[in-house]
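Colleague: Take a look at this one; I'll ask things after.
The values are calculated or read from the model by the stated rules, or taken from the named source; none is laboratory data. As the structure is a prediction and not an experimental result, all values here were calculated from the model. A quick note on method: Cβ atoms are made from the backbone with ideal geometry, for glycine too, and the neighbour counts reach across all protein chains shown.
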Amino acid sequence: MEPVPFVLIQGGRVVDPAHGRDETADILIENGIIRAVGRPEIPRGCRIIDADGLIVAPGLVDMHVHLREPGYEYKGTIASGTRAAAAGGVTSVAAMPNTKPVTDDPSVVGHVLEKARVGGIVNVYPVGAITKGLQGVELTEFGLMLEAGCVAFSDDGATVADTGVMRRALEYARAFGALLIQHAEDPSLVSGGCMNEGVTSSRLGLPGIPVESESIMVDRDIRLVELTGGRYHVAHLSTAGALEAVAGAQAKGLPVTCEVAPHHFSLTEEAVDGYDTYAKMAPPLRSEFDRNALLEGLARGTFSAIATDHAPHDEDSKKVEFCCAANGVIGLETLLPISLELVSGGVMTLSNCLALMTYKPARLLGIHRGELTPGFPADLVLFDLLESWQVDSNRMCGSARNTPFHGRKVRGRVKKTMVAGHIVFEDGQ
Amino acid sequence: MVRAMKSNIWNRKHLLSMRGIGQEEILSILDTAASFREVNHRDIKKVPTLRGKTIINLFYENSTRTRTSFELAGKRMSADVINMSVASSSVKKGETLIDTLATLQAMNPDVVVVRHSESGAQEFLARHLNAAIINAGDGRHAHPTQALLDILTIHDHLPIMGREDFRGLKVAICGDILHSRVARSNAQGLATMGAEVRFVGPPTLMPAKVEEAFNVKVFHRMDEGIEGVNVVMMLRLQQERMTKGYVPSVREYFHYWGLTRKRLALASETAIVMHPGPMNRGVEIASEVADDLERSVILEQVANGLAIRMAVLYRLCTPGSRS
């Protein structure tokens, strides 16, 4: 299609959580930038996209994604990962650094950004490692990596377990106002465990991981935030105990935030029954008690983001004995419909739900995305709130199949995804 | 015959665990086993029942008794039995479990008996392949033929305990419950039969929320746990548990959780002592108890194991067979 300077998204229900907007409106885009929202005059030669009957929202921001490139291209690439993102209505992803080589150096950051520019179809924001090689010992160059394009730091997949190292990291990050994202699992309590410790692990005879492996680490880190004042974010928080700790820290005014993954608020450890390796991830699926606590936390506003921890794997890594299987599930393509279950289930409003996938994570990462503000890039998702469909692991848009939601009937279907005014995904195309 | 039973059609393809196996089904296997028991006492210990059938024993973990038991069970019924053990297998060459089994499946065996160190390995194989699988032990998860042979052994002793069935029978399973597939399968099977199961052992060797998971009573003190029970089932404690911080020493373990004659006196007067083997004398059981033929039925368990495995192989090799 000929590039035209003006595009109008017409007649949709525009939900823009950043401005509390939820009304039928048009969005005028000029050269990929949002010009106006409301009832703008239609310029001559403007291309019109009919959004009647659809929700028009800011493109989703997923602050926790594994793209696997460089180094693990057989699991996924920047091209396949961003394709999955586009199919899920996600227009910006924060890419975790546990690649090979690890994103622990400005040159790797540059490489990821260049690959994303050439082969990616949504915005990719690299997350740098906190420590070199994710070894938990020496800090990386936070300043230089931020200048190279990093938006936050994390040793995700591994935990910064050494208390002294974490203290220095939080302290040093203050020089740049950098956000540290902790994968909070005490390795000595995880100790070979491969699912949540509880009734199901006992029955299946699988070594369990107690919830305290997470809460103890979060408790410790919050003490360190008190000591240092560093900005701290808990990745994929999965337990009632850790949530309580974060809520307590927030009540004290500490710079502590957290995210939740759709699989943690929608599934429990029982999904592991039958030794389903597609239900294996770290931290593991928890009990119904913890899941309910997460729902309460979502309703109360303790979370700043819903993030997928999208972790594509090749089939060989999953088609093995349960304990030997790789951790991780894909989530980009199911992020929206699973999150919309929170709305249909009465946990939160549509606007509050979308806030956790748009402006809130965007502001946490300091990126200019996730809101329909004139002057912002026209990253949009158009979706049918009510259309139902069934998740099928054999029909995913990315390269991997490892979804724990196979067979689940969901509602909410992405119809179009736009990045800076360009359509990057269209349902049925 | 164990007891008169209406004929019961067995239509399971696999035997993976005791979960979901009902009382009638257990009794019908005991029946079949009892009828095979006689074969093992003949001068010529062979029947043609499974002639032309092929059984592969695929063992990823060391085992003497279980492998021998399955092998003999197959051979006494005239099946062709092949043993594959980890030392001579392709694992060392990096072949995946599923590839190994797919290869074996291509040779069209009637049953593959699998032992593996990872919980769920056999369920995984059963989900992805067509072969009929008998679980001969997977990690900490299940060991269904052990549970069946233990139930048969207890069943044999019900009369001397003055009982007709398992209802209200008190069974204490003692020791390293955490790492034990024998404890898990027995707890499920015995509960199905109506027995009251107790798990006895130090808290470090007890799985999480085990009361809820297995409907058992938990005792951390041996003396309380075996008080008045009809069956004391001891579990092997592996030496490596000492170095991993589960228990501080053999001396302390034996002192508090070892089965001695003095301690056994707390159980019912007619209580029997069981052990799945191999025993660690002086660790979990004193020789004075292990060798006391008045109380110890450990060798009967071995003999019954053979009969149970014959029954299970027969059922799986001949789908639709009647007891």
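Colleague: Considering each of A:ARG68, A:ARG39 in turn, give the residue that is outside the structural domain of A:ARG413 (by TED's automatic domain parsing) and of a type in the set (D, E, K, R). Step through it out loud before you land on a result.
Modeller: Details: A:ARG39 fails: outside the structural domain of A:ARG413 (by TED's automatic domain parsing).
The match here is A:ARG68.
Colleague: If you don't mind, another one. Looking only at residues that are in contact with a Ser or Thr (Cβ under 8 Å, 6 or more places away or on another chain) and not in a strand (DSSP E or B) in the range A:376-399, which one is surrounded by the most Cβ atoms within 10 Å (Cβ to Cβ)?
Modeller: A:ASP379
Colleague: Which residue is farthest from B:SER28 (Cα to Cα), if the candidates are limited to the range B:265-317 and must be surrounded by fewer than 16 Cβ atoms within 10 Å (Cβ to Cβ) and in contact (Cβ under 8 Å) with a residue 60 or more places away in the chain?
Modeller: Checking each candidate, the answer is B:PRO278.
Colleague: Just one of the numbered conditions (1) of a type outside the set (Val, Ile, Thr); (2) under 18 Å from the mean Cα position of the chain (by Cα); (3) assigned to a loop (DSSP other than H, G, I, E, B) is not true of A:LEU243; which one?
Modeller: (3)
Colleague: Right, another one. Looking only at the range B:236-255, which residues are surrounded by fewer than 24 Cβ atoms within 10 Å (Cβ to Cβ) and under 25 Å from B:ALA195 (Cβ atoms)?
Modeller: Taking the range B:236-255 first, the residues surrounded by fewer than 24 Cβ atoms within 10 Å (Cβ to Cβ) are B:236, B:238-255.
Listed by number, the list holds a single entry, B:ARG236.
Colleague: Do you know which residues across the range B:137-186 are of a type in the set (Ser, Thr, Tyr), surrounded by fewer than 24 Cβ atoms within 10 Å (Cβ to Cβ) and either within 11 Å of chain A (Cβ to nearest Cβ) or under 22 Å from A:PHE322 (Cβ atoms) (or both)?
Modeller: Applying the first criterion (of a type in the set (Ser, Thr, Tyr)) to the range B:137-186 yields B:145, B:153, B:180, B:185.
Still in the list and also surrounded by fewer than 24 Cβ atoms within 10 Å (Cβ to Cβ): B:153.
Selection gives nothing.
For (1) at pLDDT 95 or above; (2) more than 16 Å from B:VAL232 (Cα to Cα), each residue gets a yes or a no:
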{"position": "B:ALA271", "(1), (2)": "yes, no"}
{"position": "B:MET274", "(1), (2)": "yes, no"}
{"position": "B:ARG295", "(1), (2)": "yes, no"}
{"position": "B:GLN301", "(1), (2)": "yes, no"}
{"position": "B:GLY305", "(1), (2)": "yes, yes"}
{"position": "B:ILE308", "(1), (2)": "yes, yes"}
{"position": "B:ARG315", "(1), (2)": "no, yes"}
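Colleague: Going by what's in this entry, would B:ARG76 be described as of a type in the set (Lys, Arg), touching a residue at least 24 places away in the same chain (Cβ under 8 Å), under 20 Å from B:VAL111 (Cα atoms) and touching a Lys or Arg at 6+ places or on another chain (Cβ under 6 Å)? Full working, then the answer.
Modeller: Numbers: of a type in the set (Lys, Arg): yes; touching a residue at least 24 places away in the same chain (Cβ under 8 Å): yes; under 20 Å from B:VAL111 (Cα atoms): yes; touching a Lys or Arg at 6+ places or on another chain (Cβ under 6 Å): yes.
For B:ARG76, the condition - of a type in the set (Lys, Arg), touching a residue at least 24 places away in the same chain (Cβ under 8 Å), under 20 Å from B:VAL111 (Cα atoms) and touching a Lys or Arg at 6+ places or on another chain (Cβ under 6 Å) - is met.
Rundown of residues vs (1) of a type in the set (S, T, N, Q); (2) under 22 Å from B:ARG181 (Cα atoms); (3) in contact with a strand residue (DSSP E or B) (Cβ under 7 Å, 6 or more places away or on another chain), yes/no style:
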{"position": "B:GLY20", "(1), (2), (3)": "no, yes, no"}
{"position": "B:SER28", "(1), (2), (3)": "yes, no, no"}
{"position": "B:VAL39", "(1), (2), (3)": "no, no, no"}
{"position": "B:LEU50", "(1), (2), (3)": "no, no, no"}
{"position": "B:GLU61", "(1), (2), (3)": "no, yes, yes"}
{"position": "B:LYS75", "(1), (2), (3)": "no, no, yes"}
{"position": "B:ASP110", "(1), (2), (3)": "no, no, yes"}
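Colleague: Can you tell me which residue in the range B:203-216 is nearest to B:GLN238 (Cα to Cα), limited to those that are more than 9 Å from chain A (Cβ to nearest Cβ) and over 22 Å from the mean Cα position of the chain (by Cα)?
Modeller: Among those residues, the one meeting the criterion is B:THR204.
Colleague: Working only within the range B:190-202, note down all residues that are of a type outside the set (A, V, I, L, M, F, W, C) and within 14 Å of chain A (Cβ to nearest Cβ).
Modeller: Of the residues in the range B:190-202, the ones of a type outside the set (A, V, I, L, M, F, W, C) are B:192, B:194, B:196, B:198, B:201-202.
Across the range B:190-202, the qualifying residue is only B:GLY201.
Colleague: Still on this model: Given the conditions (1) surrounded by fewer than 19 Cβ atoms within 10 Å (Cβ to Cβ); (2) more than 15 Å from A:PRO58 (Cβ to Cβ), and given that A:HIS368 satisfies all but one, which numbered condition is not satisfied?
Modeller: Of everything listed in (1) surrounded by fewer than 19 Cβ atoms within 10 Å (Cβ to Cβ); (2) more than 15 Å from A:PRO58 (Cβ to Cβ), A:HIS368 misses just condition (2).
Colleague: Can you work out which of the residues in the range A:302-348 that are assigned to a helix (DSSP H, G or I) and within 14 Å of chain B (Cβ to nearest Cβ) is surrounded by the most Cβ atoms within 10 Å (Cβ to Cβ)? Please lay out each step first, then the result.
Modeller: So in the range A:302-348, the residues assigned to a helix (DSSP H, G or I) come out as A:315-318, A:322-324, A:332-344.
With the extra rule that they be within 14 Å of chain B (Cβ to nearest Cβ), the set shrinks to A:315-318, A:322-324.
Working: A:GLU315: 11, A:ASP316: 12, A:SER317: 19, A:LYS318: 20, A:PHE322: 25, A:CYS323: 20, A:CYS324: 15.
Filtering first and then ranking leaves A:PHE322.
Colleague: What tally of residues in the range A:111-130 results from selecting those that are of a type outside the set (A, V, I, L, M) and assigned to a strand (DSSP E or B)? Don't jump to the end; show me each part of the working.
Modeller: Here is the first cut: in the range A:111-130, the residues of a type outside the set (A, V, I, L, M) are A:111, A:114-115, A:117, A:119-120, A:123, A:125-126, A:128.
Okay, now just the ones that are also assigned to a strand (DSSP E or B), so A:123, A:125-126, A:128.
The number of residues fulfilling the criteria is 4.
Colleague: Starting from the range A:107-134, take each residue that is within 19 Å of A:SER154 (Cβ to Cβ) and modelled with pLDDT of 95 or more and list its partners that are assigned to a helix (DSSP H, G or I) and among the β-branched types (Val, Ile, Thr), counting only C-beta distances under 7 angstrom and pairs at least six apart or across chains.
Modeller: Between residues of the range A:107-134 that are within 19 Å of A:SER154 (Cβ to Cβ) and modelled with pLDDT of 95 or more and residues that are assigned to a helix (DSSP H, G or I) and among the β-branched types (Val, Ile, Thr), the close pairs are A:ALA116/A:ILE78; A:VAL124/A:ILE78; A:VAL124/A:THR82; A:VAL124/A:VAL112; A:PRO126/A:VAL109; A:PRO126/A:VAL112; A:GLY128/A:VAL109; A:THR131/A:VAL165.
Colleague: When only residues in the range A:194-229 that are touching a residue at least 24 places away in the same chain (Cβ under 8 Å) and in a loop (DSSP other than H, G, I, E, B) count, which is farthest from the other protein chains (Cβ to nearest Cβ)?
Modeller: Applying the filter and picking the extreme gives A:GLY229.
Colleague: Of the residues that make up the range B:257-276, is at least one small (Gly, Ala, Ser) and within 17 Å of the chain's Cα centre (by Cα)?
Modeller: If we filter the range B:257-276 for residues that are small (Gly, Ala, Ser), which is where we start, we get B:258, B:265, B:267-268, B:271.
Next, from what is left, pick out any that are within 17 Å of the chain's Cα centre (by Cα): none.
The answer is no, given that none of the residues of the range B:257-276 is small (Gly, Ala, Ser) and within 17 Å of the chain's Cα centre (by Cα).
Colleague: From B:SER119, B:SER85, B:SER78, which residue is of a type outside the set (Val, Ile, Thr), outside the structural domain of B:TYR246 (by TED's automatic domain parsing) and in contact with a His (Cβ under 6 Å, 6 or more places away or on another chain)? Reasoning before the result, please.
Modeller: Numbers: B:SER85 fails: in contact with a His (Cβ under 6 Å, 6 or more places away or on another chain); B:SER78 fails: in contact with a His (Cβ under 6 Å, 6 or more places away or on another chain).
Going through B:SER119, B:SER85, B:SER78 in turn, just one is of a type outside the set (Val, Ile, Thr), outside the structural domain of B:TYR246 (by TED's automatic domain parsing) and in contact with a His (Cβ under 6 Å, 6 or more places away or on another chain): B:SER119.
Colleague: Moving on to the next point. Looking at this structure, is A:VAL102 without any contact (Cβ under 8 Å) to a residue 24 or more places away in the chain, out of contact with any Ser or Thr (no Cβ under 7 Å at 6 or more places or on another chain) and surrounded by fewer than 24 Cβ atoms within 10 Å (Cβ to Cβ)?
Modeller: Working: without any contact (Cβ under 8 Å) to a residue 24 or more places away in the chain: no; out of contact with any Ser or Thr (no Cβ under 7 Å at 6 or more places or on another chain): yes; surrounded by fewer than 24 Cβ atoms within 10 Å (Cβ to Cβ): yes.
The answer is no for A:VAL102.
Colleague: Would you mind stating whether B:SER119 is closer than 20 Å to A:CYS324 by Cβ, crowded, with 19+ Cβ neighbours inside 10 Å, touching a Leu at 6+ places or on another chain (Cβ under 6 Å) and of a type outside the set (D, E, K, R)?
Modeller: On the way: closer than 20 Å to A:CYS324 by Cβ: yes; crowded, with 19+ Cβ neighbours inside 10 Å: yes; touching a Leu at 6+ places or on another chain (Cβ under 6 Å): yes; of a type outside the set (D, E, K, R): yes.
Yes; evaluated as a whole, the condition is true for this residue.
Colleague: Pick from A:GLU226, A:GLU296: which is surrounded by fewer than 18 Cβ atoms within 10 Å (Cβ to Cβ), assigned by TED's automatic domain parsing to the domain that holds A:MET166, farther than 21 Å from A:ALA152 by Cβ and at pLDDT 95 or above? Break it down into steps so the answer makes sense when it comes.
Modeller: Values: A:GLU226 fails: farther than 21 Å from A:ALA152 by Cβ.
Just a single option satisfies the conditions, and that option is A:GLU296.
Colleague: Just checking, how many residues over the range B:99-122 are modelled with pLDDT of 95 or more, within 14 Å of another protein chain (Cβ to nearest Cβ) and more than 17 Å from B:GLN146 (Cβ to Cβ)?
Modeller: Of the residues in the range B:99-122, 1 are modelled with pLDDT of 95 or more, within 14 Å of another protein chain (Cβ to nearest Cβ) and more than 17 Å from B:GLN146 (Cβ to Cβ).
Colleague: Looking only at residues in the range B:61-85 that are assigned to a helix (DSSP H, G or I) and surrounded by fewer than 17 Cβ atoms within 10 Å (Cβ to Cβ), which one is modelled with the lowest pLDDT? Give the derivation first.
Modeller: Applying the first criterion (assigned to a helix (DSSP H, G or I)) to the range B:61-85 yields B:65-76.
Now restrict to residues that are surrounded by fewer than 17 Cβ atoms within 10 Å (Cβ to Cβ): B:65, B:68, B:75.
Numbers: B:ARG65: 91, B:THR68: 96, B:LYS75: 97.
By that ranking, first place goes to B:ARG65.
Colleague: Restricting to the range A:233-290, what's the tally of residues that are of a type in the set (D, E, K, R), touching a helix residue (DSSP H, G or I) at 6+ places or on another chain (Cβ under 7 Å) and surrounded by fewer than 19 Cβ atoms within 10 Å (Cβ to Cβ)?
Modeller: Filtering the range A:233-290 down to residues of a type in the set (D, E, K, R) leaves A:244, A:252, A:259, A:269-270, A:273, A:276, A:280, A:286, A:288, A:290.
Those still in the list that are touching a helix residue (DSSP H, G or I) at 6+ places or on another chain (Cβ under 7 Å) too: A:269-270, A:273, A:280, A:286, A:290.
From what is left, the residues that are surrounded by fewer than 19 Cβ atoms within 10 Å (Cβ to Cβ) are A:270, A:273.
Total satisfying the criteria: 2.
Colleague: Given the conditions (1) more than 28 Å from B:LEU16 (Cβ to Cβ); (2) within 14 Å of another protein chain (Cβ to nearest Cβ), which single one is not true for A:LEU243?
Modeller: Going through (1) more than 28 Å from B:LEU16 (Cβ to Cβ); (2) within 14 Å of another protein chain (Cβ to nearest Cβ) one by one, A:LEU243 breaks only (2).
Colleague: Identify all residues within the range B:287-306 that are assigned to a loop (DSSP other than H, G, I, E, B) and out of contact with any helix residue (DSSP H, G or I) (no Cβ under 7 Å at 6 or more places or on another chain); write none if there are none. Write out each step before concluding.
Modeller: Narrowing the range B:287-306 to residues assigned to a loop (DSSP other than H, G, I, E, B): B:291-295, B:297.
Scanning the range B:287-306 gives B:ASP291, B:ASP292, B:LEU293, B:GLU294.
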